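The values are calculated or read from the model by the stated rules, or taken from the named source; none is laboratory data. This one's a predicted model, so the numbers in the text were calculated from it and none came from an experiment. Heads up, the Cβs are rebuilt from the backbone with ideal geometry, glycines too, and the neighbour counts pull from every protein chain shown.
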């Protein structure tokens, strides 16, 4: 096996792993946003619950699509896959932390 083939296999493994972790992050963020009451978003977040559900819903579609394309067809993750991970990260680092800080 030549060096280039090994490097490409390592690259594919890293991209597939990142796609799976990203899809898990998006699912976790969406599940958390769905189970929170709308009053929590109004009290502790700059966006409403429907806005976050819309953002995370689009991130869920693009994140799962990107993960499936990366794993099943060996493609690249792409810009939409990275954007979905960023959207989930913004939710998990922002509003979710605010909810945890103010809940008992």
Practice task
Just name the residue that is surrounded by the fewest Cβ atoms within 10 Å (Cβ to Cβ) out of those in region 50-81 that are within 14 Å of the chain's Cα centre (by Cα), in contact (Cβ under 8 Å) with a residue 40 or more places away in the chain and within 23 Å of residue 8 (Cβ to Cβ).
Solution key: 77
Problem - Filtered residues of region 15-39 (kept if more than 22 Å from residue 49 (Cα to Cα) and either part of a loop (DSSP other than H, G, I, E, B) or touching a helix residue (DSSP H, G or I) at 6+ places or on another chain (Cβ under 7 Å) (or both)) - result: 15, 16, 19, 20
Exercise for the section: Please verify whether region 50-57 includes one or more residues that are within 21 Å of residue 98 (Cα to Cα) and outside any helix (DSSP H, G or I). Expected result: no
Problem - Any chance residue 45 is modelled with pLDDT of 90 or more, on the phi < 0 side of the Ramachandran plot and surrounded by 12 or more Cβ atoms within 10 Å (Cβ to Cβ) - result: no
Problem - Test set (1) in contact (Cβ under 8 Å) with a residue 24 or more places away in the chain; (2) touching a helix residue (DSSP H, G or I) at 6+ places or on another chain (Cβ under 8 Å); (3) assigned to a helix (DSSP H, G or I) - residue 12 fails condition number - result: (2)
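What do you reckon, is residue 85 touching a helix residue (DSSP H, G or I) at 6+ places or on another chain (Cβ under 6 Å), modelled with pLDDT under 90, buried (at least 16 other Cβ atoms within 10 Å of the Cβ) and part of a helix (DSSP H, G or I)?
no
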